[in-house]
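Shown next, in structure tokens, is the structure this report addresses.
Nothing in this text is a laboratory measurement; each read-out follows from the coordinates by a stated rule. These figures come from a predicted structure and were not determined experimentally. So basically every Cβ, Gly included, is an ideal-geometry build from the backbone, and we count neighbours across all protein chains shown.
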Amino acid sequence: MGAAALLFLPFVLLKPNRILPGEARSLLEVLPAWQALGCQAVLGLAGVTALVVASPRVRLAVALAGIVAVALAAAACGNVLTPPGNKVVRVAAGPAFWILLVCLGLMATDAITRMRPGPAMRVLSLALFFFVAGAALAHGTFDNLSVMREYAVNAARFWQEARRHIWLSVGSLVAAVLAGVPLGVLCYRVPRLRAPVLAVLNVIETVPAIALFGILMAPLGALAAAAPWAGTLGIRGIGAAPAVVALFLYALLPIVANTVAGLRRVSRATVEAALGMGMTAWQVLSRIEIILALPVILTGIRVVLVQNIGMVTIAALIGGGGLGTFVFQGIGQTAIDLVLLGAIPIVALAFSAALLLDALIEVVNRGRA
Amino acid sequence: MIRVEGLTKRYGVAAVVDDVSLDIERNSITVIVGTSGSGKSTLLRMINRLVEPSSGRVLIDGADTRDEPAYLLRRRIGYVIQGYGLFPHRTVAENVATVPRLLRWDERRIRERVQQLLTVFELDPQAYADAFPHQLSGGQQQRVGVARALAAEPTVLLMDEPFGALDPIIRTKAQDDLLDIQRRFGTTIVLVTHDMDEAFRLGARVAVMSGGRLLQYDRPATLLTRPADPLVTRMTGRADRAIKLLSLTTAGEVALPGGSDGPAVAASASLREVLSQLLWCGADSVRVVGEDGGTRGHLTVAVILAHGRG
């Protein structure tokens, strides 16, 4: 499929400015022959490897080489096609680029899965990836590609919105854990509470995000109007407050439900033995029950964090800020590069959060049957 | 040692344990035996206050168990349950060290005690101290459970169906080990089981319960020869009671002076085993030898049969 994409679809798009649709260019048209053929050779090797080589190590190495080649080729196209000193012309990655990236990414992911790396190895690989990608970006390798052009214009705001995006996602998660775990313990201890609490949280979960933002605007706006102190704390009908409250409410169900499920998984005999040996109720909860429920609770936290990183994007619509700002601005201006400037880091964030928490869950699970 | 006075537990109107009184002797094994639903586990759990009695009280060495917080009481009493309840996230050594840690022993003393107990329970500390419970066999887990219960040198050990999950061969070995442990540490053990053979094998005294009531509390031989209730006869078994009675006496206890040219049997063997040996060999007398191999006396078929008379 990658090969077909390379043959029939444009590799890069040359646009006269950031809004007009671009004209297609293929790899061979743009680059000097040795560069284009070098890239083609690496990709050909990747194609052959994908079909005939079984060793996951080799497949991974070739896939990574392919990704590097495609990225460098795109960067080189940018450099070649951009007239020196011209700030208006945009060189954007074309369909072939994206399809190749997906194919090679799938190949690499598949190889990694088969190699079953330990949690430390996975975190290390992620760090290495970010280091290499970060170094290339800082070095200016991709500066002539359209997304980086958008970055150059919005650099200060980009970091501000990125920090805000993380802050909104993690802040509402922390609040939900602080409230949700005790609520889960309570639901576990008082079975009569369990059904109604989970039912209410389920209803909240089914409200679409954008609707919940809307619903929250009215009471928070009223609160800000009625109590001046609320306004000074930043609580208003629009902005971060409804976003944080909504994310918090969405986060509660996975946290509470997983806390209850995790605690129910702890064997009765273990708890009975702990009590019988003279642990206080608090010691049994903190040293035995919560610890044994931790892998399940962490799974809930993982779900919430990834979900939050995605949903903060929508919070931009009600003035909550975050990387979604670029996405919606870009859509408004039909500037697809600006959309990507927001979307690519969001995907990277969500992917990293999932990977880090999966590694953590595996570490916590060690030594248990 | 442990005095149970008029102990009753009601859930609603139903009494699970109904006005039970008994005195448990120091330095011996007392077995509470009964069918499921007889209230035997509830009775045991009221001794360490995992269940609070509706009325009545428990005295240990004359002191009411309600005089201190329940968790402090439980740290002084060993507790072993069916399924053992080992902590799956802690190593064998950490499991055994649970109560000493709660009591804030210093680390060196804890380490030495754990080493000692693992050695006593035939779990090589080198190989098993850092293992996790799920890496052990059922028999090993059971031994870790008992070692953990004995870690803080309790004078009382409560055991609720401790051998229930073991296969018959390992169970017999575990029962022998428990008798050894009791002799070695002099612990007062109260053990709950539904298995009458286990009760007879382990118990110096046996309490028979049914429907929450204590039917009879006596030495095993007395339960056989003078049952207080038809239910006791039914539970101990009528058909093989003479054989059961023989199994309660060892050859060493009743050997007559003088030797015999019949086969040799150990002084620790029960009369039941000796009789079986005699039937098997077609002999009519055996020579009883001590652990040192010296002759301790002899036994004849007639003498053995006399001991099986009700």
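Cα convex hull of chain B: mean projected area in nm², to one decimal? It would help to have the intermediate numbers written out before the result.
Working: hull surface 73.8 nm².
Approximately 18.4 nm², given one-decimal rounding.
Taking every DSSP beta bridge that has both residues in the protein assembly as shown, what percent is antiparallel when rounded to the nearest 5?
On the way: 33 of 56 bridges.
DSSP beta bridges in the protein assembly as shown are roughly 60 percent antiparallel.
So if I take the alpha carbon set of the range A:78-171, get Rg, then get Rh from the Kirkwood formula, what is the Rg over Rh ratio? Let's see the in-between values first.
On the way: Rg = 17.0 Å, Rh = 16.3 Å.
Reported Rg/Rh (Cα atoms, Kirkwood Rh): 1.05.
Report, to one decimal in Å, the Kirkwood hydrodynamic radius for the protein assembly as shown based on all distinct Cα pairs. Walk me through the numbers on the way to the answer.
Details: mean 1/r = 0.0313 Å⁻¹.
The Cα-based Kirkwood calculation yields 31.9 Å.
If the viscosity is 0.890 mPa s and the temperature 25 °C, what Stokes-Einstein diffusion coefficient in µm²/s follows for the range B:13-55 when Rh is the Kirkwood radius over Cα pairs?
Numbers: Rh = 11.6 Å.
My calculation gives 212 µm²/s for D.
Assigning unit charges at the beta carbon (Lys, Arg +1; Asp, Glu -1) and nothing else, what dipole magnitude in debye, to the nearest 20, does chain A show about its Cα centre? Write down the numbers at each step before the final one.
Working: 25 positive and 12 negative charges, 145 e Å.
In debye, rounded to 20, chain A gives about 700.
So for chain B, averaging the separation of alpha carbon pairs under 8 Å that are six or more residues apart and normalising by length, what relative contact order in percent results? Walk me through the numbers on the way to the answer.
Working: 568 pairs, mean separation 58.3, N = 310.
Reported as a whole number, the value is 19 percent.
Could you run the Karplus curve 6.51 cos²θ - 1.76 cosθ + 1.60 with θ = phi - 60° over the range A:208-219 and give me ³J(HN,Hα) per residue in whole Hz, x for Gly and Pro?
Karplus-based 3J(HN,Hα) across the range A:208-219 equals x, 4, 5, 5, 5, 4, x, 4, 6, 4, 4, x Hz.
Could you pull out the longest piece of chain B with no exposed loop trypsin sites (Lys or Arg not before Pro) in it, calling a site exposed if DSSP puts it outside H, G, I, E, B and it has at most 13 other Cβ atoms within 10 Å?
Working: sites that count: B:R26, B:R104, B:R238, B:R309.
Longest site-free region, per DSSP loop and neighbour criteria: B:105-237.
Provide the gained length on full extension for the span A:A135 to A:R116, in nm with one decimal, where the gain is 0.36 nm per separating residue minus the Cα-Cα distance.
On the way: separation 19, 0.36 × 19 = 6.84 nm, distance 2.75 nm.
Value of the extension gain: 4.1 nm.
Return the calculated 222 nm mean residue ellipticity for chain B, to the nearest 500 deg cm²/dmol, obtained by summing -39500 (n - 2.57) across DSSP H runs with n ≥ 4 and dividing by the residue count.
Working: 15 runs with 122 residues, N = 310.
Per the formula, -10500 deg cm²/dmol.
Would you calculate a helix-derived [θ] at 222 nm for chain A, using -39,500 (n - 2.57) for each DSSP H run of n ≥ 4 and dividing by the full residue count, to the nearest 500? If you can, show how the numbers build up before the last one.
Numbers: 15 runs with 282 residues, N = 369.
The per-residue figure over chain A is -26000 deg cm²/dmol.
Looking at the range B:232-310, which GluC sites (Glu not before Pro) are in a loop (DSSP not H, G, I, E or B) and have at most 13 other Cβ atoms within 10 Å? Display every interim value, and only then the final one.
On the way: sites: B:E253, B:E273, B:E291; in loops: B:E291.
Sites meeting the loop and neighbour criteria: B:E291.
Convert each backbone phi in the range B:57-63 into a coupling constant with the Karplus relation 6.51 cos²θ - 1.76 cosθ + 1.60 (shift: θ = phi - 60°), then list the ³J(HN,Hα) values in order as whole Hz, x for Gly and Pro.
Values per residue, Gly and Pro as x: 8, 10, 10, 10, 6, x, 9 Hz.
Of chain A, which part is the longest with no trypsin sites (Lys or Arg not before Pro) in a loop (DSSP not H, G, I, E, B) and with at most 16 other C-beta atoms within 10 angstrom?
Numbers: sites that count: A:K87, A:R366, A:R368.
Longest gap between qualifying sites, sites excluded: A:88-365.
Quick one: which residues, 5 or more positions from B:M159 or on another chain, have an amide H under 5 Å from its amide H? H modelled 1.01 Å from N in the peptide plane, none for Pro or chain starts.
B:V80, B:V190, B:L191, B:V192
Calculate one ³J(HN,Hα) per residue across the range A:241-258 by plugging θ = phi - 60° into the Karplus curve 6.51 cos²θ - 1.76 cosθ + 1.60, and present them in order as whole Hz with x for glycine and proline.
4, x, 5, 4, 4, 5, 4, 4, 5, 5, 6, 4, 4, x, 5, 5, 4, 6
What average count of beta carbons from other chains do you get within 10 Å of the Cβ of residues in A:277-288? Don't skip to the end; give the middle numbers.
Values: counts 18, 16, 6, 5, 1, 0, 2, 1, 0, 0, 6, 5.
Mean partner-chain Cβ count within 10 Å for A:277-288: 5.
Counting only DSSP beta bridges with both residues in the range B:149-261, tell me the antiparallel percent, nearest 5.
Antiparallel: roughly 50 percent of the beta bridges in the range B:149-261.
Out of the range B:1-101, which GluC sites (Glu not before Pro) are coil in DSSP terms and have no more than 13 other C-beta atoms within 10 Å? Walk me through the numbers before you get to the answer.
Working: sites: B:E5, B:E25, B:E94; in loops: B:E25.
Passing sites in the range B:1-101 are B:E25.
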